[in-house]
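Presented below is the structure to which this report refers.
The values are calculated or read from the model by the stated rules, or taken from the named source; none is laboratory data. Since the model is a prediction, treat every value here as computed from it, not as a measurement. Glycine also receives a Cβ, built like all others from the backbone with ideal geometry; neighbour counts cover every protein chain displayed. The accessibility values were calculated without ligands, DNA or RNA, using every heavy atom of the protein model including side chains. Shrake-Rupley method; radii C 1.70, N 1.55, O 1.52, S 1.80 Å.
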Amino acid sequence: MTRFVVEDCDALTVDGRIVRIRPPAEKDAAALGRLFDEASPESLRLRFFAAPGHSVIDTEVHRLVRPPDGDHAAAVAVAASEVVGVASYERNRSSSRRAEFAVFVAEPHRGRGIGTLLLEHLAAQARDSGITELTGEVLPGNHRMLRVAHDLTSRTTAHYSDGVVDLDVGTAVDDATLLAVDARDRAAERASLRPLLAPCSVAVVGAGRHPGGIGHETLRSIVEGGFAGALYAVNPRAETVAGVPAWPSLAELPGPVDLVVVAVPCPAVRDVVEQAARAGARAAVILSSGFGEAGQDGRTAQADLVRLAREHGMRLVGPNCLGIVNTASEVRLNASFAPSAAPVGGLAVASQSGAVGIALLAQAARTGCGISTFVSLGNKADVSGNDLLAYWYDDPATRAVALYLESFGNPRKFARLVRALGRRKPVLAVKSGRSAAGQRAGASHTAAAAAPDVAVDALFSQAGVIRVETLGELLDTARLLTEQPLPAGDRLAIIGNAGGVNVLAADAAEAAGLRVPALTAGDNPLDLGAGATPAAFAATVEEFATSGEVDAVLLVVAATKANDVDAVLAGVTPVLDRHKRLTAAAVLIGAVDPPAALGKRRTPVYDLPEQAVRALAHAARYAQWRRTPLGGRPVLSRVDVAGARAAVEAALASGGGWQPYPRIADILGRYGIPVLPCAEVTGERAAVHAAAAVGYPVVLKAADPNLVHKSDIGAVHIGLRAPDEVRAAYRAVAAAVGRTEPPVLVQALARGQAELVAGVVHDPLFGSLVMLGLGGVYTDLLGDRVFRLVPMTDKDAGQMWRSLRAARLLTGYRGAPPVDTAAVEDLVLRLGRLAEDIPEIAELDLNPVLVGPDSAVAVDAKLRLAPRGVEPDALLRRLRRPG
């Protein structure tokens, strides 16, 4: 099984061993020589088509370690300093779009996915160099190589000719390939994390004899939790700790150990991890602090820890973490020093903050929200939220996932993983950093609107993540989602004996996007009165549940001295248990020691109606997202990737930055993005000639690409109908920009039924985002806009315009004919594909985009180009497909 880790190079785990994939260097020449020298004659024959002599191998090694350039690239797989595989390509001299590839893996490591992943890496490098097809000649008996190529992509073709098989491997990646890659990644992730989250044996190093220390308390938590496996304490100065026999060192343990919990001072951690590796441990939880959070020296020490662990095939949680918990009956592991023990249940939790983790566990214990797994990530040196998402995908004990995130180390991989997981299980997240303090100041409407939190919202929206504001809201919602069926719609019935609270619940429901419809079964909300009997409650719930008019029921019970709350609950509970497909929640007001849940189906009980309503609204929106097809990547005609890239590279060679309108129109035109033609001229006379050529009425505006709000400074003049008006407008623009003869744009006056703004901004962490909003002078005034991350699906495009507050303007408002929303969707999809293919587009702003009954066209455009930075997601860079 194989797992990618994104760092300074790519890495994977194979049977518990870390295998790194990186470019070869001169220092690898000897190791590459040994790779071939130690291969069998049959392996060499399949690779070289003959028994190679030393000179052939020397030549091959020299080729492999040659520095990469546009025509050559190579990658090596390294396990514990041993080169176990290599792949390379050389561009075909007769066709710049083709290259010949070769892959070779050491015999003991074949059949483990290394060859496929080397080829994935190679194909990505080829794509970045403009190569669309990798070709190779394979002997018919080389079944492994044929399978490697076919496993990579459905675009692989094979032809038998003259005793060899000609392989053609397309470097473009389709949806099936992405799904296969993610499936392999999830399976490998689960295998690599099993020793961490479901160990058969655990050793705690640094467990002191006296209560109060982190090691001692963690060991005691493991004991009190009833860990199902073998447990060891490591302390050279004690015979027992917390009732557990102690051993002087890991090397002296009486049996093997899967997981080592490290609670020693920072300077001693490296030695402990090295001893754990020698003892055969496959995972370590490092509770110790003083690493990445403590400055440059700590970051250096942390990086060294990760390198050490990966050399020995270990997974690390932390450092600087609270520990881990797994409540499964076959594991029962509480390897943490949190004061609250987690109740057993279906919620998996990952927290980047130890303090937040403590609060979550304490609140879970108080409310009865059961936990399947808890992981305090700490510094995320190795194991990250992405790794856990892959693990929880197939975890039968986990019914929902909760995340507290402070940062995204690899947000694009997160998007892929969480979107797949969300189709199976709800994912909730509290993401800190909603404030505007970090808002970017862009030079276009698109960039100015794209605060860092906008990218997070776009990611969560596309991936179906339930974003909540507080930890309390997270657990309130998790309690509902882990125990209740998903609502079939947004219709809520409210039944209670407290009229005022019923009204508050109804107000909260409508504010949260739920409907409280009028019902034939009775009033809604329905006030049964303070003296309502248990039988009345039960009968009403039964009637509403069977009416077919509601998707969820909220029960509100206020305790008084004149009613028997316990009897009411006893009467209602069997009714709720019978209707297992109906989402239900309860609110108890004034009750002494209320239960956390009701009945076998564990209907959650809340203190206040707003808590219950928010949870129900989140569940309804998530259910709607899950019912909605994800959509697919549409096939776009009239896309000239090579031409657009050539234009962009020429512009970057000239310094990049803000581009002149003609070049913008050329680049956009190559992606079929409609832009109104215009002439760029200088001087009054030229402006008049241009106006006559395009035909009156015309628009004249400043051509300076650095201007954002041209109309605000008088640099845009519309509806010019005569030469004198053109001359006057030119002089006004000259005065506005402070130049005697500025360049201007002259274009025919276009009209539309509505004005939109569309654009692209490249975020260095999240990648490119596409924006759509209400345009013209209302862009900044009303702020009605939505963002989506690339890659985009056809469903994303439709949801974008439908999410606008002004969406009714596009569908025929007050008798106006509807606009061509299909053209709007086509526009944003083309912008998304352009941004995906050419990440050098730092900012692109189309404002306004005029839309009418049969068209959508941009009448002004701004474009800033910048060299591409380092991609934060090496896997996505490998899988970026051309248009």
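Remarks
- Set 846, 850, 827: member being touching a residue at least 12 places away in the same chain (Cβ under 8 Å), crowded, with 20+ Cβ neighbours inside 10 Å and not in a strand (DSSP E or B): 827
- Close pairs (7 angstrom Cβ cut-off, 6 or more residues apart or separate chains): under 20 Å from residue 487 (Cα atoms) in the stretch 563-584, of a type in the set (D, E, K, R) and in a helix (DSSP H, G or I) anywhere: 575/542
The rows are residues; the columns are (1) modelled with pLDDT of 95 or more; (2) among the basic types (Lys, Arg); (3) out of contact with any strand residue (DSSP E or B) (no Cβ under 6 Å at 6 or more places or on another chain); (4) exposed (fewer than 15 other Cβ atoms within 10 Å of the Cβ).
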| position | (1), (2), (3), (4) |
| --- | --- |
| 585 | yes, no, no, no |
| 605 | yes, no, no, no |
| 620 | yes, no, yes, no |
| 639 | no, no, yes, no |
| 660 | no, no, yes, no |
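- Single residue of 298, 290 found to be without any contact (Cβ under 8 Å) to a residue 40 or more places away in the chain, open to solvent by 10 Å² or more (accessible area, probe 1.4 Å) and among the small types (Gly, Ala, Ser): 290
- Residues of the stretch 469-520 classified as closer than 24 Å to residue 590 by Cβ and either part of a strand (DSSP E or B) or without any contact (Cβ under 8 Å) to a residue 12 or more places away in the chain (or both), total: 7
- Close Cβ contacts (under 7 Å, 6 or more residues apart or on different chains) running from residues in the stretch 101-128 that are within 18 Å of residue 90 (Cα to Cα) to residues that are of a type in the set (Phe, Trp, Tyr) comprise 101/89; 122/89; 122/101; 126/89.
- Considering only residues in the stretch 751-760 that are at pLDDT 90 or above and not charged (D, E, K, R), the one that is surrounded by the fewest Cβ atoms within 10 Å (Cβ to Cβ) turns out to be 757.
- Residues within the stretch 115-139 that are in a loop (DSSP other than H, G, I, E, B) and under 31 Å from the mean Cα position of the chain (by Cα), tallied: 4
- Test: residue in the stretch 642-650 that is in contact with a strand residue (DSSP E or B) (Cβ under 9 Å, 6 or more places away or on another chain) and open to solvent by less than 50 Å² (accessible area, probe 1.4 Å): yes
- Of residues in the stretch 606-642 being of a type in the set (Val, Ile, Thr) and assigned to a loop (DSSP other than H, G, I, E, B), the one farthest from the chain's Cα centre (by Cα): 639
- Scanning the stretch 810-819 for residues that are buried (at least 18 other Cβ atoms within 10 Å of the Cβ) and either charged (D, E, K, R) or under 16 Å from residue 786 (Cα atoms) (or both) yields a single hit, 810.
- Residue list for the stretch 392-407, filter: surrounded by fewer than 23 Cβ atoms within 10 Å (Cβ to Cβ) and small (Gly, Ala, Ser): 397, 407
- Looking at the stretch 31-114, the strands (runs of 3 or more DSSP E) lying wholly inside it that each contain 2 or more residues that are closer than 21 Å to residue 143 by Cα and not small (Gly, Ala, Ser) sit at 82-91, 98-105.
- Flag for residue 472 being more than 21 Å from residue 351 (Cα to Cα), modelled with pLDDT under 95 and open to solvent by 20 Å² or more (accessible area, probe 1.4 Å): no
- Number of residues in the stretch 683-703 that are surrounded by fewer than 20 Cβ atoms within 10 Å (Cβ to Cβ) and either of a type outside the set (Val, Ile, Thr) or under 19 Å from residue 658 (Cα atoms) (or both) equals 10.
- Criterion: surrounded by 24 or more Cβ atoms within 10 Å (Cβ to Cβ), touching a strand residue (DSSP E or B) at 6+ places or on another chain (Cβ under 8 Å), within 22 Å of residue 480 (Cα to Cα) and of a type in the set (S, T, N, Q) - qualifying residue of 336, 372, 376: 372
- For the stretch 348-357, the criterion of being assigned to a helix (DSSP H, G or I) and open to solvent by 40 Å² or more (accessible area, probe 1.4 Å) is satisfied by at least one residue.
- Lone unmet requirement of (1) part of a strand (DSSP E or B); (2) within 20 Å of residue 857 (Cα to Cα); (3) not hydroxyl-bearing (Ser, Thr, Tyr) for residue 666: (1)
- The listed residue being of a type outside the set (Val, Ile, Thr), under 13 Å from residue 35 (Cβ atoms), surrounded by fewer than 21 Cβ atoms within 10 Å (Cβ to Cβ) and touching a Leu at 6+ places or on another chain (Cβ under 8 Å), out of 106, 87: 106
- Test for residue 285: is it over 21 Å from residue 250 (Cα atoms) and outside any helix (DSSP H, G or I): no
- Within the stretch 327-359, considering residues that are touching a residue at least 60 places away in the same chain (Cβ under 8 Å) and within 25 Å of the chain's Cα centre (by Cα), the one farthest from residue 267 (Cα to Cα): 346
- Some residue of the stretch 51-58 being more than 35 Å from the chain's Cα centre (by Cα), surrounded by 16 or more Cβ atoms within 10 Å (Cβ to Cβ), closer than 23 Å to residue 116 by Cβ and in contact (Cβ under 8 Å) with a residue 24 or more places away in the chain: no
- For residue 590, the criteria (1) over 24 Å from residue 363 (Cα atoms); (2) surrounded by fewer than 18 Cβ atoms within 10 Å (Cβ to Cβ) hold in every case but one, which is (1).
- Residue list for the stretch 679-711, filter: free of Cβ contacts under 8 Å to residues at least 12 places away in the same chain and of a type in the set (S, T, N, Q): none
- Residue satisfying all of: in the stretch 669-685; hydrophobic (A, V, I, L, M, F, W, C), modelled with pLDDT under 95 and not in a strand (DSSP E or B); farthest from the chain's Cα centre (by Cα) among these: 678
- Scanning the stretch 686-712 for residues that are in contact with a Phe, Trp or Tyr (Cβ under 6 Å, 6 or more places away or on another chain) and at pLDDT 95 or above yields a count of 1.
- Apart from one condition, residue 186 fits all of (1) at pLDDT below 95; (2) touching a helix residue (DSSP H, G or I) at 6+ places or on another chain (Cβ under 7 Å); (3) under 15 Å from residue 336 (Cα atoms); the exception is (3).
- Considering residues of the stretch 704-722 that are touching an Asp or Glu at 6+ places or on another chain (Cβ under 9 Å) and more than 16 Å from residue 747 (Cβ to Cβ) only, the residue most open to solvent (accessible area, probe 1.4 Å): 709
- Qualifying residue in the stretch 445-453 (condition: closer than 25 Å to residue 406 by Cβ, modelled with pLDDT of 85 or more and among the acidic types (Asp, Glu)): no
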